[in-house]
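Quick notes on the structure that follows.
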Amino acid sequence: GSEEQFRLLVQSVTDYAIYMLDAEGRIYSWNQGAQRIKGYRSDEIIGQHFSRFYTAEDRVRGEPQRALETATREGRYEKEGFRVRKDGSTFPIELALGGTRQDGNPLYVGIIHDITERKQSEEQRRLFIEQLIASNEERGHFSHVASHDMQEHLRMVLSFGAMLAEEYGDRLDDKARQYLSISLDAARQMRELVDDLVEYERMTDETSHDTGFSAAAEIRLVQGILKEAIAASGA
């Protein structure tokens, strides 16, 4: 009949450990998934108390009894935790324990899902995030140090360039003064870029920058920076 078909269906499930407990928590039904996941054959485990799957720490804390009491009182008990296989190894699980009655006696159905792969994925994701944060911090530190060193060199270029223009400008011809002016403008632009890099590294997701800017001015600036490359390439 339909009851026998359901029993056969439950027995054939291999991805989930499905077992039934009597009022005392002793196992009297054990499917193929339970055998695969926990390592016990049905003839080894039928009649045993389900607490043997719990870790020693959980047994000391009274977790098995708490699970039965909650399933009895609320009809369902759900929790993530660890269980012990026949070989003594532990593994992470999701447990759903349902409580009902048959002929006036308590009856429990336990469904356990092995979530080892999910936990491994979560751990890999956690490690990746930690590595990403560490990489960002390292990148920020490098950018700060590099920017500081570049600023020092740019100060020297601008300082000596200004001194050269002031003290020797009248000795230079027009072309030399033009070259010097272009060099100083390039150094000033580089200083602004370095300052922007430092500001960028300080930005966070919460940083608000609502200031406006002139797109035309930025285009003219870029055209000036790329003047030689544009002329050479005919762009």
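If I go through region 97-120 residue by residue, how many of them are assigned to a helix (DSSP H, G or I) and in contact with a Pro (Cβ under 7 Å, 6 or more places away or on another chain)? Full working, then the answer.
Initial filter on region 97-120 (assigned to a helix (DSSP H, G or I)): 116-120.
Filter again for in contact with a Pro (Cβ under 7 Å, 6 or more places away or on another chain), leaving 116, 119.
Selection size over region 97-120: 2.
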Can you work out which of the residues in region 95-129 that are surrounded by fewer than 13 Cβ atoms within 10 Å (Cβ to Cβ) and among the hydrophobic types (A, V, I, L, M, F, W, C) is nearest to the chain's Cα centre (by Cα)? 129
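Results for (1) out of contact with any strand residue (DSSP E or B) (no Cβ under 8 Å at 6 or more places or on another chain); (2) open to solvent by 70 Å² or more (accessible area, probe 1.4 Å), shown as yes or no for each residue.
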position: 72; (1), (2): no, yes
position: 76; (1), (2): no, yes
position: 82; (1), (2): no, yes
position: 91; (1), (2): no, no
position: 131; (1), (2): yes, yes
position: 157; (1), (2): yes, yes
position: 168; (1), (2): yes, yes
position: 178; (1), (2): yes, yes
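Residue under question is residue 46, and the condition is that it be surrounded by 15 or more Cβ atoms within 10 Å (Cβ to Cβ), closer than 23 Å to residue 10 by Cα and of a type in the set (A, V, I, L, M); does it hold?
Values: surrounded by 15 or more Cβ atoms within 10 Å (Cβ to Cβ): no; closer than 23 Å to residue 10 by Cα: yes; of a type in the set (A, V, I, L, M): yes.
Answer is no for this residue.
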Long-range neighbours under 8 Å by Cβ, at least six apart or interchain, first residue within 12 Å of residue 45 (Cα to Cα) and among the hydrophobic types (A, V, I, L, M, F, W, C) within region 4-28, second part of a helix (DSSP H, G or I) and modelled with pLDDT of 90 or more: 21/50; 21/68; 27/45; 27/50
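The values are calculated or read from the model by the stated rules, or taken from the named source; none is laboratory data. As the structure is a prediction and not an experimental result, all values here were calculated from the model. All Cβ positions, even for glycine, are placed from backbone atoms using ideal geometry, and neighbour counts span all protein chains on display. Just so you know, the surface numbers come from the protein's heavy atoms only, side chains and all, with ligands and any DNA or RNA stripped out. Shrake-Rupley method; radii C 1.70, N 1.55, O 1.52, S 1.80 Å.
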